[in-house]
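Here the structure comes first, spelled out in structure tokens, and everything after it is commentary.
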């Protein structure tokens, strides 16, 4: 099975990379330090795992650092091999270019998911030791959402990588995606909706609906919405069930569409 | 059946024609040496066999199938040693071969293959720490997985020491005896002489000659180079010699005359010089080397130059790095091929 072979090889390579290990350690230390720093000093039993995750670790660390790790893990997937020449070795074997792109998405996504789980291990120990009500289920579940966020960014970055002839271009594209989705999404879309006010009025949707749609469209905010619903025990239920569904659908879209688009370009290129 | 069939293949890269209207046929079971100076289009041609590069015009068929549509099926039966590749730095040699075995759904023993190419001792080391020659051996081990019907080897001896180049030739020979078709490229003719059934010489993207090595030698090789120590030779004497039948060129190199002529014209040359009153102190002949032969085809004027002058005046973009070697091995590691 060609795709699985590539995925396995890429997984092995990625988990052995020093950059990856360094990022996991950094992430782990930051989350643990955060968990320690914001731990309740008094005896307030209310300060629970859920609050720590959704109010502190989520917005400050997970939604900023995990996408960054995803981009770092994914951006050189194809372009790196293309530039170094190992892609020639890979395509000398009976692999199609589609196998290469999707095998790399699968292998690197698995490596990143493993890294996220490893990165949450130390903080879990801190939380168990700290005088907090540690909810193992919530913590583990949240880790799954964090990993999903990383996987989406790996897929986007691998897509960019497949479409780029050089590493530099793939890196620029990856960073641009990160800046757009993680740092500027709110500001840009807010301004766009504001500027497009007259047009929006003519459409059969309200500005509020568009804002909800834009929130679900961004993988970062989509995961945030889903994980908060999960921590509030309202996953796919309650008032926001529909928004959550569209957020989940958008996550699937972002996992598949960028690699497909990248493959279109990659498949047509002379290597 | 034909193993490789190119029909009217042209490849243009932004403003450069790398391969021009190329027709090439390699029969099943043949060992075919694909020669040409660096930049002649060899690697581009091989990349088209592997569907890494798509032809601008023409069709490429390998093992009876069209590479544009059946690339994966073709590569399942093909072993490839690419040019200008790199290895996965963080994976061991054995992991590389295991990956090739898995990719081809084969049952080979990776250690046996590594032993065959002389890498048994290095199997557990990361390939990133391998030397150029070891990487070349590793890629060969990967190419040999699953006893391919066709072996495509792009500059297989690059980076190998003389012993390594010899082992490479032995493996090529063994694979040919097994019945595999072998197609390999080189910019050094001596390397292919010993193993090839047929050679094709590519120059500026066109096939300028195709024959057995003996056939090529016969075509160009009636020529010999006669070196005459004749201090007193004046212009008139040189002109006399040049006018003789069977003499294709005369150059004066200090006290020495270098005469390119048919082998049976030698006596006439010496006779003419002595008749002109020139004292011939010494003379000796040199058979056209394979290098001269190669240069004759790739530069087109070997008749008027010998190997020394060819080596001392390298053409601008051409084989400055292939000095003639007597043991037929590449002493210039990793000559970069700049095809695009």
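Structure summary
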| quantity | calculated |
| --- | --- |
| Filter result for residue A:103 (touching a residue at least 12 places away in the same chain (Cβ under 8 Å), away from chain B (no Cβ under 14 Å), out of contact with any strand residue (DSSP E or B) (no Cβ under 6 Å at 6 or more places or on another chain) and crowded, with 24+ Cβ neighbours inside 10 Å) | no |
| Hits in the stretch B:60-73 - residues which are in contact (Cβ under 8 Å) with a residue 40 or more places away in the chain and either in contact with a helix residue (DSSP H, G or I) (Cβ under 8 Å, 6 or more places away or on another chain) or within 10 Å of chain A (Cβ to nearest Cβ) (or both) | B:60, B:61, B:62, B:63 |
| The stretch B:262-283, subset at pLDDT 80 or above and in a strand (DSSP E or B), residue surrounded by the fewest Cβ atoms within 10 Å (Cβ to Cβ) | B:282 |
| Residue satisfying all of: in the stretch B:139-163; buried (at least 20 other Cβ atoms within 10 Å of the Cβ) and more than 14 Å from chain A (Cβ to nearest Cβ); nearest to residue B:79 (Cα to Cα) among these | B:157 |
| Qualifying helices (runs of 4 or more DSSP H) (wholly inside the stretch A:1-103; at least 1 residues being closer than 24 Å to residue A:122 by Cβ) | A:2-15, A:18-37, A:63-74 |
| Residue satisfying condition, being more than 20 Å from the chain's Cα centre (by Cα) and either within 10 Å of chain A (Cβ to nearest Cβ) or part of a loop (DSSP other than H, G, I, E, B) (or both), within set B:21, B:51, B:83 | B:51 |
| Matching entry among B:210, B:227, B:175 (being outside any strand (DSSP E or B) and at negative phi) | B:175 |
| Failed item in (1) surrounded by 14 or more Cβ atoms within 10 Å (Cβ to Cβ); (2) modelled with pLDDT under 95; (3) within 15 Å of the chain's Cα centre (by Cα), with residue A:126 passing the rest | (3) |
| Among the candidates B:73, B:40, residue that is assigned by TED's automatic domain parsing to the domain that holds residue B:104 and either surrounded by fewer than 16 Cβ atoms within 10 Å (Cβ to Cβ) or under 24 Å from residue A:95 (Cα atoms) (or both) | B:73 |
| Single condition residue B:183 does not satisfy, out of (1) assigned to a helix (DSSP H, G or I); (2) in contact with a strand residue (DSSP E or B) (Cβ under 7 Å, 6 or more places away or on another chain) | (1) |
| Verdict on residue A:55 being within 19 Å of the chain's Cα centre (by Cα) and at pLDDT 80 or above | no |
| Residue list for the stretch B:99-113, restricted to those being within 31 Å of the chain's Cα centre (by Cα) and within 9 Å of chain A (Cβ to nearest Cβ) | B:99, B:100, B:103, B:104 |
| Residues satisfying the stated conditions in the stretch A:125-144, i.e. in contact with a helix residue (DSSP H, G or I) (Cβ under 7 Å, 6 or more places away or on another chain) and farther than 16 Å from residue A:51 by Cβ | A:143 |
| Residue within the stretch A:114-126 that is in a loop (DSSP other than H, G, I, E, B) and away from every other protein chain (no Cβ under 12 Å) present | yes |
| Per-region count, the stretch B:234-249, residues touching a strand residue (DSSP E or B) at 6+ places or on another chain (Cβ under 7 Å) and either under 17 Å from residue B:267 (Cβ atoms) or part of a strand (DSSP E or B) (or both) | 6 |
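The values are calculated or read from the model by the stated rules, or taken from the named source; none is laboratory data. Here the structure is a predicted model, which means the values were calculated and not measured. Positions of Cβ are backbone-derived with ideal geometry, glycine not excepted, and every protein chain shown enters the neighbour counts.
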